[in-house]
Amino acid sequence: MNIEIAAICDAATANGIGGRLNILGAFDRIFANFPLVIPQCSTAFRIRYMRSEAGMHDLTLAFEDVCGKPIVPPMQSKIPLEPVAQGFDTAAVNMVLNLQRFQIKRPDKYMIRLLIDGEELASLPLYALEAPKEGGQAPDAPIAQGEQNLPN
């Protein structure tokens, strides 16, 4: 298996095996006052697999702090990888997990890990940073439009 796309984003949609994966507003850092509640965000993945990998697989999505401690319980489920169509060597499946009211208690580096059958296939950092003081700018980390006004 190969991860073609992995992103934390404002929103994402997917339609079926081999279908389109739509990603809006991919990011890896948030500037805010803490504790923070992100009203809505998504994780999006596109997984390419070979004919021999088709079938049911265990999927785990873990959200952890930098020390590996879960900040929410790991999400676990089964994922069916459909048989690869005749005439093709591989297939792809899109996965979107929408998160509502995602809570981050303190500034830190967090990790979002995707595991399939216990093997980590993707790891995404999320940097939660204290908002710059009024009129200030974080060094080498520009604030995206709208980030400075994220609600708590």
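The numbers here are math on the coordinates, done by the rules we state, and not lab data. All of these numbers come straight from a predicted model, not from anything done at the bench. Cβ atoms come from the backbone with ideal geometry, glycine included; neighbour counts cover every protein chain shown.
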- Message: Over the chain, with a Gaussian network built from C-alpha contacts below 10 Å, which listed residue (55, 19, 87) shows the highest mean-square fluctuation?
- Response: 87
- Using DSSP, restrict attention to beta bridges with both residues in the chain and report what percent are antiparallel, rounded to the nearest 5. 95 percent
- For a quick protection proxy, order the peptides 80-86, 61-67, 90-96 by their average other-Cβ count within 10 Å, most packed first. 90-96, 61-67, 80-86
- Item | GNM result for the chain, Cα springs below 10 Å: residue of 98, 15, 33 fluctuating most strongly | 15
- Message: Need one number: nm distance between label points at residue 119 and residue 134, each 7 Å from Cα along Cα→Cβ, rounded to one decimal.
- Response: 5.5 nm
- Task: Please sort 113-121, 68-76 by packing, taking for each peptide the average over its residues of neighbouring beta carbons within 10 angstrom, highest first.
- Result: 113-121, 68-76
- Note on the structure: Residue span residue 2 to residue 85: 0.36 nm per residue of separation minus Cα-Cα distance leaves a gain in nm of 28.1 nm
- Item | Built amide H within the under 5 Å cut-off of residue 57, gap 5+ | 79, 81
- For the chain, the dipole about the Cα centre with charges only on Cβ (Lys and Arg +1, Asp and Glu -1), to the nearest 20 debye, works out at 280 debye
